[in-house]
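K.L.:
I have a structure I would like to understand better, so I am pasting it below and will then ask my questions one at a time.
The values are calculated or read from the model by the stated rules, or taken from the named source; none is laboratory data. Small disclaimer: the values here were computed from a predicted structure and weren't measured. In this analysis, Cβ positions are derived from the backbone assuming ideal geometry, glycine residues included, and neighbour counts consider all displayed protein chains. To get the accessible areas, we keep the full protein, side chains included, count just its heavy atoms, and leave off ligands, DNA and RNA. Shrake-Rupley method; radii C 1.70, N 1.55, O 1.52, S 1.80 Å.
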Amino acid sequence: MAKILVLGSGGREHALSWKLAQSDLVEHIYVCPGNGGTASNPKTTNLNLPLSPSYQQLVHFAVENEVCSNRRSRSAFYSSLHSQIDLVLPGAEEPLVLGIEKHFRKVGIPVFGPSELAARMEGSKAFSKAFMERHGIPTAKFRTFSSAQCDDAIEYVRTCGFRVVLKASGLAAGKGVLIPQTIDEAVQGLKQIMVENVFGAAGHEVVIEELLEGPEISVLAFSDGYTIVPLPPAQDHKRIGEGDTGLNTGGMGAYTPAPVATPAIMDRIMKETLRPTIDGMRKEGFPFVGLLFTGFMLTDNGPKVLEYNVRFGDPETEALILLLDDDVDLAAVLLACTERRLDSVQISIRRGFSVSVVVVSGGYPGPYPKGKHIEITDIPSGVVVFHCGTALKDGKLVTSGGRVIAVTAAGSTLEEALSLAYAAVDKISFEGKVYRRDIAYRALATSNNLLKGLTYADAGVSVDAGNSLVNAIKPLVYSTKRPGTDAQIGGFGGIFDMKGLGYTDPVLVSGTDGVGTKLHVAIELGLHHTVGIDLVAMSVNDLLVQGAEPLFFLDYYGCSKLNVTTAAEVVKGIAKGCIEAGCALIGGETAEMPGMYQNGDYDLAGFAVGAVERRSILPRQDICPGDALLGIASSGLHSNGFSLVRKIVSLSGLSYSSPCPWNEQTSLGKNLLEPTRIYIKQVLPAARAGLLKGMSHITGGGFIENIPRVLPKGLGCYIDVSKWTLPPVFRFLMKHGGVDPLEMARTFNNGIGLVVIVGKDCKEQAFQSLQQHGDAPVYEIGEVTETGHVDMRSLGHWAVH
């Protein structure tokens with residue numbers, strides 16, 4: 001028979017001790033300090049001992065009380081290791097974060113709860129976010145700043161491109177989270193936390209993270225460090241007012257299971273979060289034993305972790321405890337976790353729903369009176385009244401806290417459970433009694449919507465937003481008008497009329513491309529217009545190397561939730577790129593696909609079509625050794641190699657909002673976003689004049705992979721990198737990434753975005769044409785050879801200079 005010590009005084013502790021008292025394994029339960037409800041529990045006694053570190057009196061009670069009463073010697077005690085308490089169950093997070101587990105472990109008493117190291121998952125938001133990042137657990141984008149980095153934090157919220165949530169990293173009694181509505185409010189909030197220390201030591205580190213949107217759920221799960229068993233998902237109600245209005249509280253009610261958390265979502269939560277969390281903690285040396293309580297936001301892109309808690313939730317526990325089947329022995333489950341054998345016990349859940357309605361004192365969560373007499377009359381069958389803030393005074397039950405009672409009921413339907421709970425609330429009275437009458441309103445609204453029938457909008461797709469985007473971009477599309485099309489959109493297909501363009505024997509050339517992970521930088525900075533230019537450039541430059549004139553362009557924009565402003569900015573860039581390339585934007589596709597992308601992310605693809613006279617198609621077959629290679633300068637990185645670029649930036653200690661190391665007039669991110677150069681106007685005249693034998697667009701794969709694509713079989717070339725100056729952005733990447741010069745040559749354009757091949761007899765004329773029709777510098781950088789490969793010469797020049 002076990003004796004269990006429960007630590008805490010709320011409804012959570014009453015619910016746990018109520019369930020434990022039903023166990024045949026339990027001899028007695030001590031609750032410290034307990035409340036008016038635990039005092040009347042079977043097998044239960046309240047204790048009046050301090051809950052402050054180093055918990056000496058609690059440990060003394062747990063270990064030595066029986067020994068002292070029997071007057072046994074201290075040596076006899078240590079040799080027998082007999083204790084009065086067999087298990088300690090802390091209710092709140094603070095004792096766990098402060099290391100109460102180790103104090104009892106030292107005297108051989110197990111604690112259902114994590115070690116001090118494992119409790120950092122709740123005790124430090126900075127730690128838990130870094131853990132999630134290490135283990136690929138879905139969560140909001142974030143950055144962490146120390147209190148000494150207030151200016152850096154302010155710059156981040158100004159430039160990150162998304163609404164933010166500010167979180168004091170440490171424990172702040174549930175009050176350390178700010179959700180600013182504007183950038184100015186975010187700046188003010190940072191100053192309050194980091195300068196004015198409104199949250200004390202909890203604000204010595206601040207986590208700034210992306211504001212997630214969607215339904216919020218709580219998942220409580222038992223774990224022994226190896227096995228994890230989740231309970232049904234719950235939703236609580238934090239705001240004091242109905243409709244989730246007013247101030248935040250400790251919780252005004254909860255219901256479970258939350259219908260929004262479908263079996264498919266729970267499968268993802270288990271596979272993407274709970275299992276990786278438990279495995280990751282064990283592998284890092286601090287296995288989790290206890291109850292892991294994880295808050296999730298169900299975004300369009302799937303469930304994402306809001307926070308970890310390392311103990312039972314309140315009021316979720318009160319609701320969940322009634323869904324445990326009668327044959328579930330809670331004491332057996334807790335002991336199995338502490339003995340690392342959770343897989344040996346069965347945790348079965350009864351069918352139906354459970355609801356907990358919290359009744360609070362008038363004035364809560366602000367100042368409120370105490371000592372108000374409580375009357376509880378005939379409570380309906382199937383309802384349990386858990387005490388949160390009550391006490392016995394002169395034999396009478398009185399209020400002693402803000403949250404006073406958690407009325408909990410179970411039923412076969414949610415409506416039945418709610419009806420029972422509210423019927424019981426009416427049987428409870430005290431002066432100033434306040435409660436919410438809309439617990440579970442979100443689930444009920446969803447149920448009502450299903451009865452009415454779903455719409456496309458209910459699935460997360462907004463036809464109205466799509467129509468708004470079309471109207472917003474029509475003027476942009478029209479600005480690309482050219483002979484062959486009127487550049488009107490809104491129909492089923494774009495039309496282009498080749499008649500009248502002057503071609504005699506035209507061949508159509510097509511190309512398609514994207515922007516790659518450069519989009520991540522644009523999204524993080526909230527700067528979207530330049531990637532539209534990139535999209536056009538990547539396709540039309542590929543047409544150019546065939547000798548073709550771009551005629552028209554189509555785009556594809558994919559996202560989970562359409563942001564009309566962002567999409568319009570992208571199309572603005574596409575239109576600008578089309579104008580620069582001389583082609584018309586004649587159509588596109590906007591795909592809103594809930595769940596396909598991360599919140600705020602989008603993807604782009606472009607499709608271009610051009611024409612060239614059959615006799616002028618490039619590359620020509622007369623390319624031969626001795627032909628010159630002319631390099632035309634790039635504008636920067638263009639749109640390739642950004643997976644490596646982003647990795648290097650993360651290692652450099654800089655952020656995209658940091659001043660650019662080689663140009664402090666702009667940020668690093670803005671410099672990296674410099675759009676890809678479009679070479680049509682500068683190069684097409686020379687191609688049409690027959691001055692060029694071939695061209696190579698230097699994209700992913702650099703010189704080494706791209707130039708051979710236009711050379712006849714068996715031929716190669718050499719590139720002398722000393723013929724032009726390596727731009728600063730590439731020197732930055734070499735330095736901070738330790739990238740070898742040869743690796744640079746096979747990854748980036750290194751300052752040369754297009755290479756043209758000319759015969760010796762046309763070299764000067766080609767030079768003159770290229771310089772006459774464009775501003776990009778032109779260099780003679782190499783020659784075609786018989787080697788059959790690309791010979792990169794003078795690479796040491798990059799390392800030295």
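K.L.:
I'd like to compare 749-756, 330-337, 651-658: which one has the highest average count of other Cβ atoms within 10 Å, and what's the full order after that?
P.N.:
Working: 749-756: 25.8, 330-337: 22.4, 651-658: 16.8.
With the highest mean Cβ count within 10 Å placed first, the list reads 749-756, 330-337, 651-658.
K.L.:
At 0.36 nm per residue, and after removing the present C-alpha to C-alpha distance, how many nm does the segment from residue 731 to residue 182 gain when stretched out fully?
P.N.:
Result: 193.9 nm gained on full extension.
K.L.:
Given N residues in the stretch 115-273, what is Rg(Cα) / (2.2 N^0.38 Å)?
P.N.:
1.12
K.L.:
Then there's this: Return one whole number: the accessible area per residue of the stretch 223-315 in Å², for a 1.4 Å probe. Present the calculation step by step, with values, prior to reporting the outcome.
P.N.:
On the way: 2960 Å² over 93 residues.
Per residue, the stretch 223-315 has 32 Å² of solvent-accessible surface.
K.L.:
What does the highest-first list of 496-508, 635-647, 2-14 look like by mean Cβ count within 10 Å?
P.N.:
Peptide ranking by packing, descending: 2-14, 635-647, 496-508.
K.L.:
Now for a different question. Based on the alpha-carbon gyration tensor of the stretch 596-652 and its eigenvalue square roots a ≥ b ≥ c, which shape applies: rounded if a/c is under 1.5, prolate if not and a/b is larger than b/c, or oblate?
P.N.:
oblate
K.L.:
Can you list the lysines whose alpha carbon is less than 27 Å from that of residue 576, not counting same-chain residues fewer than 8 positions off?
P.N.:
474, 481, 499, 518, 561, 670, 681
K.L.:
Just flag the trypsin sites (Lys or Arg not before Pro) in the stretch 323-427 sitting in loop per DSSP whose Cβ has no more than 12 other Cβ atoms within 10 Å.
P.N.:
In loop regions of the stretch 323-427 (DSSP not H, G, I, E or B), the sparsely surrounded trypsin sites (Lys or Arg not before Pro) are 351.
K.L.:
Looking at the chain from every direction and averaging, what is the projected area of its Cα convex hull in nm²?
P.N.:
Answer in nm², one decimal: 41.9.
K.L.:
Also, quick follow-up: Please compute the Kirkwood hydrodynamic radius of the stretch 665-706 from all pairs of different C-alpha atoms, in Å with one decimal.
P.N.:
Its Kirkwood hydrodynamic radius stands at 13.0 Å.
K.L.:
Are there any trypsin sites (Lys or Arg not before Pro) in the stretch 675-769 that are in a DSSP loop and have at most 14 other Cβ atoms within 10 Å? List them by number. Mind showing how you got there, number by number?
P.N.:
Values: sites: 677, 681, 688, 693, 709, 713, 723, 731, 735, 746, 760, 763; in loops: 677, 693, 713, 746.
Answer in residue order: 713.
K.L.:
Can you bin every Cα-Cα distance in the stretch 301-460 into 10 Å intervals starting at zero and give me the percent of pairs per bin, rounded to whole numbers?
P.N.:
9, 28, 31, 23, 8, 1, 0
K.L.:
OK, next. Given 0.36 nm per residue, what is the gain on full extension from residue 106 to residue 270 after removing their alpha carbon distance, in nm?
P.N.:
Between residue 106 and residue 270, full extension yields 55.7 nm more.
K.L.:
Would you please put 109-115, 562-568 in order of how densely packed they are, using the mean number of other Cβ atoms within 10 angstrom per residue and starting with the highest?
P.N.:
The densest-packed peptide leads the list: 109-115, 562-568.
K.L.:
Given the rule -39500 (n - 2.57) for each run of at least 4 DSSP H residues, summed and divided by the residues of the chain, what is its mean residue ellipticity at 222 nm, to the nearest 500 deg cm²/dmol?
P.N.:
Values: 27 runs with 252 residues, N = 801.
My calculation for the chain gives -9000 deg cm²/dmol from helical runs alone.
K.L.:
Whole-Hz Karplus ³J(HN,Hα) for the stretch 254-259, in order, using 6.51 cos²θ - 1.76 cosθ + 1.60 and θ = phi - 60°, x for Gly and Pro?
P.N.:
Running phi through 6.51 cos²θ - 1.76 cosθ + 1.60 with θ = phi - 60° gives 7, 9, 7, x, 7, x Hz.
K.L.:
Send over the per residue convex hull volume for the stretch 651-801, Cα only, as a whole number of Å³.
P.N.:
Each residue corresponds to 119 Å³ of Cα convex hull volume.
K.L.:
If I take R0 = 25 Å and measure r between the Cβ atoms of residue 378 and residue 438 in this structure, what FRET efficiency does the formula 1/(1 + (r/R0)^6) give, to the nearest 0.05?
P.N.:
It comes out at approximately 0.50.
K.L.:
Distance in nm between label sites at residue 791 and residue 242, each 7 Å beyond Cα in the beta-carbon direction?
P.N.:
Spacing of the two 7 Å Cα→Cβ label points: 8.6 nm.
K.L.:
Okay, moving on. How much length is gained if the chain between residue 666 and residue 470 is pulled fully straight, taking 0.36 nm per residue apart and subtracting their Cα-Cα distance, in nm to one decimal?
P.N.:
67.3 nm
K.L.:
Also, I was wondering about something else. Could you give the C-alpha radius of gyration of the stretch 318-373 expressed as a fraction of 2.2 N^0.38 Å, taking N as the number of residues it contains?
P.N.:
1.75
K.L.:
Express the carbon and sulfur contribution to the solvent-accessible surface of the chain as a percent, rounded to the nearest whole number, probe 1.4 angstrom.
P.N.:
So the carbon and sulfur contribution to the accessible surface is 50 percent.
K.L.:
Given +1 on the Cβ of Lys and Arg, -1 on the Cβ of Asp and Glu, and no further charges, what dipole in debye does the chain carry about its Cα centre, rounded to the nearest 20?
P.N.:
Details: 72 positive and 83 negative charges, 163 e Å.
It comes to approximately 780 debye.
K.L.:
Follow-up question, since we're still on this one. Report, to one decimal in Å, the Kirkwood hydrodynamic radius for the stretch 512-671 based on all distinct Cα pairs. Mind dumping the intermediate values first?
P.N.:
Working: mean 1/r = 0.0574 Å⁻¹.
In the stretch 512-671 this quantity evaluates to 17.4 Å.
K.L.:
Considering only DSSP beta bridges whose two residues both sit in the chain, what percent are antiparallel, to the nearest 5? Please report the intermediate quantities before stating the final value.
P.N.:
Details: 101 of 129 bridges.
Beta bridges within the chain, antiparallel portion: roughly 80 percent.
K.L.:
Okay, next question. Going through the DSSP H helices of the chain, which span 24 Å or more along their own axis at the Cα atoms while scoring at least 0.0 as a mean Kyte-Doolittle hydropathy?
P.N.:
Membrane-span-like by this criterion, though nothing is claimed about a membrane: 564-581.
K.L.:
Taking only protein heavy atoms into account and a 1.4 Å probe, give the accessible area per residue of the stretch 706-784 in Å². Spell out each step's value before the answer.
P.N.:
Details: 3460 Å² over 79 residues.
Here the residues of the stretch 706-784 average 44 Å² of exposed surface.
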